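S.K.: Let me give you the structure first, and then I'll get to my questions.
Bear in mind that the values in this text are calculations on the coordinates, not laboratory data. Keep in mind that this is a model prediction, so the values were computed, not measured. Positions of Cβ are backbone-derived with ideal geometry, glycine not excepted, and every protein chain shown enters the neighbour counts.
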Amino acid sequence: MIIKIVAAFLVFMVVMGAIQKWLNPKHKTPLDRLRATRLPRPRKCKRCGKFLLGKDDCTCSGKG
Ligand SMILES: [Zn+2]
């Protein structure tokens with residue numbers, strides 16, 4: 001039952017965002033903000049070429 005409520009809520013949010021955008025094109029909906037937020041480019045380790053997740057350094061650094 002909760003899944004139905006969550007789904008209905010999401011649909012409601014999308015519809016509301018669409019209506020707000022239709023009424024006021026300059027209005028930024030949370031969806032727009034989400035779209036504008038681009039994921040940072042994946043960093044690669046300079047030593048081994050492994051993709052780095054987050055801000056942590058590669059595990060190879062410091063080991064040689
Ligand atoms: Zn590395």
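S.K.: Placing one identical point scatterer on every Cα of the stretch 2-52 and ignoring solvent, what is log10 I(q)/I(0) from the Debye formula at q = 0.19 Å⁻¹?
M.R.: With no solvent term, the Cα-only Debye profile gives -0.71.
S.K.: Once both labels are modelled 7 Å past Cα along the beta-carbon direction, what's the LEU52-ALA7 spacing in nm?
M.R.: Placing both labels 7 Å along Cα→Cβ, they lie 4.2 nm apart.
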